[in-house]
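Quick notes on the structure that follows.
The values are calculated or read from the model by the stated rules, or taken from the named source; none is laboratory data. These numbers come from a predicted model, not from an experiment. Glycine also receives a Cβ, built like all others from the backbone with ideal geometry; neighbour counts cover every protein chain displayed. The protein model used for the area step is the full one, side chains on, heavy atoms only, and it has no ligands, DNA or RNA in it. Shrake-Rupley method; radii C 1.70, N 1.55, O 1.52, S 1.80 Å.
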Amino acid sequence: MTQLASLSSTLLYVAFVLYLIATVFFSGSIKSKKHANQTGKNRWATIAITITIIGFLSQLGYFFTRWMASGHAPVGNLFEFITFFGMMLVGAFIIIYYIYRVHVLGVFALPIALLIIAYSSMFPRELSPLIPALQSHWLAIHVSTVAIGEAILSISFVAGLIYLLKDVDLSKKGKQTFWLEAVLFSLVIVVGFIVTSTSFELAGYEADFTYITPTGEQDVAQFEMPALVTPHEGELQTAGAFVSPINTPAIVDAKTLNSVLWSIAVGTLLYLLIRLITRKSIAALLQPLVRRVNLNLMDEVGYRSVLIGFPVFTLGGLVFAMIWAQIAWTRFWGWDPKEVWALITFLFYAAFLHLRLTRGWEGNRSAWLAVIGFAILMFNLIGVNLIIAGLHSYA
Amino acid sequence: MKELACKCGHVNPEGTELCLSCGRALTKDADSKKTSDVMRYEGMARRSQTYNASIIDKVWNFFSSVKVGVWLILITLIVSAFGTILPQVLFIPPLIPPEVYYEEHYGWFGRIYYMLGFHDLYNSWWYMLFIAAVGISIIVASIDRVVPLYKALKNQRINRHASFMKRQRLFAEKEVADPNQTIAEIKEKLKNKRYRIREEEGHLLAEKGRFARWGPYVNHTGLIIFLIGGLLRFVPGMYVDEILWIREGETMAIPGTDQEYFLESEGFTVDTYNTDEDSEVFNDTIDRVGSIVKNYQTDAILYKREEGGIAGDQRELIEEQRKAIQVNQPLKFDNFAVYQVTYKLDEIRSMSFTMDNKATEKSVGSFDIDLFQPQDVYELDENHKVELMGYYPDFEGFENGEPQSATPVPNNPAFLFNLFSPENPEGEVSFIAIQETLEPLGENDYALSFSGIETHDVSGLTVRKDLTLWILGLGGTIFMIGVIQGSYFNHRRLWLKITEDGKLMAAGHTNKNWFGLKKDIEYSIAGTDLTEITDQFEEKEKKSVALEEKEENDRDSIS
């Protein structure tokens, strides 16, 4: 079993590297002069999609070997769930790729999947046993359907982002230029988090604090990054570790806040560095990649992914969720924050579809909605678990 | 009512945009609108756009608007998000009053949050109002559209006017050798793609997936059924939600069943994972986190009272089933489900005492007090007995010299005893609480001492009956069918027409997925004289892009 578990980790690592290589090939495919429209068959793209599929199979291998090793579907904590989401994003990309054969989609979809998988590995990665509430077949059914739905919906974000990169006139200063750069900046922040987290983990940094919880008890918090803020009435227990004079009130989760501060700091630094070296905004840096994109097709891809993803998300995030909630928590609906945010996601994409179908919101507006939709998805995936406590806080 | 006569002679009801017979645009407004906007409801008159006189018309028109519907959705969405900023009143510790809790924990923000009613948002009348408004909007907007749409699609004419054809996104017009022959060739190929074909005087209409157009109305019906199911919750008898605390060995009537069903607990257990028994792959996590619970379980026996038995009489109980109630494994019977929800470990069940002579330090006897059924007197031998003068299961202190009990649950039992012995035939008074002994009426000759306690576990079970579930399930199923119908299928049409001057004209329309329709048409016309069809939308786009590029190049060459 332990061997199976370590094989599983290796397969995940292999998948990660393969996605990275595939991204390079996809980038090559859109440069090809022969394929001005960036669709159809092309040698670079064929190699790229083949590597992507092998990577996907390898990650499926990770998934099922981990399943065998632990005895339950590996979607039981944040690491497992987010990794699975990343895998399904690649899966959704592969399907959409075979429908439309747009290579440029790979240039953006794969790096985002990579970012997501890297992000997931910042959470505890060991195999963990299931608490009683999760011991049900509905774990595999509900969680995987949600992840697949969210992944397909995320493809609309990828398409929307590509659309906007081409469509928005970056030479003019304006709201669109600003927000587009803001979206890209937030992706750099995620990179900042991954870089910081990994560096301190490799350095083996640890600092223990005793602090007072909101209920007045004493507890110990282990910081894995130097404390820019300390927990409520926190006292350092590890000699020589860095202590900031800024103390947080009891209701703030100082450890999470500390990670967020580090990510923003390092991310901003990275961003400034990029701008300093290239003398261009990130949007402007990426724009050459999308110069030959067919906007209409991109709009269609985005819309299609919402159409395909919305029913899947509804089935997993609301229907299956309600059935399981009735079995495990005695009621199908209880206004738990995660439930509310699933409803919000549902309502948002319902509004998206109505605006598009009957108000004619296509192209640019539709692309922005897809970006907002992805922000809601990410908040539901990460924000709700880390910021708002509720029944879904498993990690 | 005003009527609109078309050039072709057909008379259309007021509000019609495209003639029901030939498809010509009837008004200038309709002519100038985007094709996709006109084609959405087949250019039909809708009630909301025809009448606007009475108040009913105005209300109808308000709720029939998709713009209003989207606003209602967005408002509900934003308000719902607000409700998750701080925990709802449902999730805060039950013993602290909410008005204190929110301010104490979240300061001024908490106070405002509480004052505005966000702490119990989802049960507030105004949240219900938004949901109701969304519901009404769904009903009105659907009826307003589905009726004319149904009529239009049912009575579709095959021969459309050239102006109708020309404005479609996919369009072709070509002189071919034999238009009838070309149409026949295309027809065969369309059949391969499973199009339904109708012909009239040489003109042709090929259609596929019309049922996809009903998807939105089917899913809206499902949503309405779901919302009605949610309302039925408030009808008496439809819904039971009770908590049942049951101790090991106890048999209790199940609340909500009118004393018809009884439950006996044979015991409650909590298991945690451990590194010896469970798979070694979990060792790292267990070491890091500490103990992780594996199972909460109440071993239960369900009894049913015999027909005609007297309510509350436990002698006439018939065993129905035995079940280990676990999380995710509720006990089910007769529309009821009993769930493992919470527990209390080691509640004190009985306490043992010995009565000792202080001088000789010798025990004269011992007795057990069952905390749930204490006796008045405990006889130790012929000469010694103990009278229980007072029992305070949850002792919290004295008030005016009287011991007080906070609750009837034995969390902190205390006793007032009178000890009888040959030396003290009138008795000696002794007050005993945990770690506290008082002799209020002076020094006694005898003392009681704890010799042990017995404990048991208590299971907290939720008893639930919800007769609305099947309605919700039905609504949910219909909703899913409708969503899939509307999203995974699309309504594709191809019109072929022979114009008066003998040319072949083709036009294609779909409600979504133009990519798919184009592929179908390309397949069907390949090898025929009608070699290609133009995407007029893309043409326009290309022209504007070309223009832009030209401008850019010009700019570059100038600079």
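Here are some notes:
- Shielding by partners, peptide A:349-357 (average Cβ within 10 angstrom, other chains): 5
- Over the C-alpha atoms of chain A, the Rg to Rh ratio, Rh being the Kirkwood estimate, stands at 0.97.
- With 5 Å bins from 0: P(r) over the stretch B:351-455, alpha-carbon pairs, percent: 2, 12, 24, 27, 19, 11, 5, 1
- One quarter of the surface of the convex hull around the alpha-carbon atoms of the stretch A:191-257 equals 4.4 nm², the direction-averaged projected area.
- Distant-in-sequence amide contacts of B:Gly390, defined by a placed amide H-H separation under 5 Å and a gap of 5 or more residues or a different chain, comprise B:Leu416.
- Here the Karplus curve 6.51 cos²θ - 1.76 cosθ + 1.60, taken at θ = phi - 60°, turns the phi angles of the stretch A:12-18 into couplings of 5, 5, 4, 4, 4, 5, 5 Hz, with x standing for Gly and Pro.
- Cβ-defined net charge surrounding B:Met238, 13 Å radius [Lys, Arg +1; Asp, Glu -1]: +1
- Rounded tilt (10° steps) of A:104-120 against the dominant C-alpha axis of chain A: 10 degrees
- Tilt relative to chain B, helix B:536-558 - C-alpha long axis, 0 to 90 degrees, to 10: 80 degrees
- Accessible area per residue for chain B, computed on protein heavy atoms with a 1.4 Å probe, is 53 Å².
- For the stretch A:86-91, the Karplus equation 6.51 cos²θ - 1.76 cosθ + 1.60, evaluated at θ = phi - 60°, returns couplings of x, 5, 5, 4, 5, x Hz by residue, with Gly and Pro reported as x.
- For A:Val220, solvent-accessible area (1.4 Å; no DNA, RNA or ligand), Å²: 90 Å²
- Averaging the sequence gap over all C-alpha pairs within less than 8 Å and six or more residues apart, then dividing by the number of residues, gives the stretch B:53-147 a relative contact order of 42 percent.
- Between the residues B:Ala406, B:Gln373, B:Ile453, the greatest Cα displacement towards the positive end of the dipole of the stretch B:351-455, with unit charges on the Cβ of Lys, Arg, Asp and Glu, is found for B:Ile453.
- Sequence-separation-based contact order of chain B, relative, with Cα cut under 8 Å and 6+ spacing, percent: 18 percent
- Between the amide H of B:Lys294 and those of B:Asp271, B:Thr272, B:Tyr273, distances stay under 5 Å, these residues lying 5 or more places away or on another chain, with hydrogens modeled in the peptide plane.
- For the stretch B:40-56, backbone phi angles converted through the Karplus equation (6.51, -1.76, 1.60; θ = phi - 60°) give residue-by-residue couplings of 3, 10, 6, x, 7, 6, 10, 3, 5, 9, 10, 10, 7, 9, 7, 5, 4 Hz, Gly and Pro being listed as x.
- Here the accessible area of the stretch B:96-142 is 72 percent carbon and sulfur, with a 1.4 angstrom probe and all protein chains present.
- Ranked by the mean number of other Cβ atoms within 10 Å of their residues, highest first, the peptides A:303-311, B:384-392, B:30-38 fall in the order A:303-311, B:384-392, B:30-38.
- Per-selection Rg to Rh, the stretch B:1-45 - Cα, Kirkwood hydrodynamic radius: 0.93
- If you wrap the Cα atoms of the stretch B:249-306 in a convex hull and average its projected area over all directions, you get 5.7 nm².
- Structural size metrics of the protein assembly as shown, computed from C-alpha coordinates, are Rg and Dmax of 35.9, 133 Å.
- Summarising the overall dimensions of the stretch A:69-228 from its C-alpha atoms, the Rg and Dmax are 19.8, 59 angstrom.
- Sites A:Leu7 and B:Arg196, calculated FRET efficiency, Cβ-Cβ separation with R0 56 Å, nearest 0.05: 0.55
- Three-way shape call for the stretch B:184-333 based on the alpha-carbon gyration tensor, with the a/c threshold at 1.5: oblate
- Hull-based mean projected area of chain B, where the convex hull spans the alpha carbons, in square nanometres: 50.2 nm²
- Computed extension length for B:Ala406-B:Asn274: 43.7 nm, one decimal, from 0.36 nm per residue of separation with the Cα-Cα distance subtracted.
- Result for chain A in a Gaussian network model with C-alpha springs under 10 Å: among A:Leu257, A:Leu202, A:Leu236, the largest mean-square fluctuation is at A:Leu202.
- Helical contribution to [θ] at 222 nm, DSSP H n ≥ 4, -39,500 (n - 2.57), averaged over the protein assembly as shown, rounded to 500: -15500 deg cm²/dmol
- Buried area at the A:B interface is about 5200 square angstrom, summed over both chains, from accessible surfaces computed with a 1.4 angstrom probe.
- Per residue, in Å², the accessible surface of chain A once ligands and nucleic acids are set aside, probe 1.4 Å: 41 Å²
- Shielding value for A:297-310 is 2, the average number of Cβ atoms from other chains within 10 Å of each residue's Cβ.
- Where chymotrypsin sites (Phe, Trp or Tyr not before Pro) fall in DSSP loop in the stretch B:229-273, at most 11 other Cβ within 10 Å: B:Phe234
- Ranked by the mean number of other Cβ atoms within 10 Å of their residues, highest first, the peptides B:421-430, B:485-494, B:164-173 fall in the order B:485-494, B:164-173, B:421-430.
- Once both labels are positioned 7 Å from their Cα atoms along Cα-to-Cβ, the gap between B:Glu382 and B:Asn357 label points is 1.6 nm.
- Histogrammed with a bin width of 5 Å, the alpha carbon distances of the stretch B:53-147 distribute as 3, 13, 19, 16, 13, 10, 8, 7, 6, 4, 1, 0 percent, first bin at zero.
- As a fraction of the 1.4 Å probe accessible area of the stretch A:87-129, surface on carbon and sulfur atoms comes out at 67 percent.
- Against chain B, whose longest principal axis comes from its Cα atoms, helix B:215-232 is set at around 20 degrees.
- Computed on the stretch B:146-237, the Cα convex hull volume stands at 145 Å³ per residue.
- For the stretch A:70-147, the Kirkwood hydrodynamic radius from C-alpha pairs, put into Stokes-Einstein at 25 °C and a viscosity of 0.890 mPa s, yields a diffusion coefficient of 180 µm² per second.
- The mean number of Cβ atoms from other chains found within 10 Å of a Cβ in peptide A:199-210 is 0, as a whole number.
- Exposure of A:Ile251 as accessible area (Å², to 10), given a probe of 1.4 Å and all protein chains: 90 Å²
- Placing a pseudo-label 7 Å from each Cα along the Cα-to-Cβ vector at A:Leu60 and B:Lys542 gives an inter-label distance of 3.9 nm.
- Which of B:Asp287, B:Asp457 is most accessible, then next, and so on - probe 1.4 Å: B:Asp287, B:Asp457
- Ligands, DNA and RNA aside, A:Lys166 has an accessible area near 60 Å² when probed at 1.4 Å.
- Using R0 = 41 Å, the C-beta based FRET efficiency linking B:Asp120 and A:Leu257 works out to 0.90.
- Interchain or long-range residues, amide H under 5 Å from B:Glu266's placed H: B:Gly249, B:Asp299, B:Ala300, B:Ile301
- Rg/Rh for the stretch B:392-549 (Cα atoms only, Rh after Kirkwood) is 1.74.
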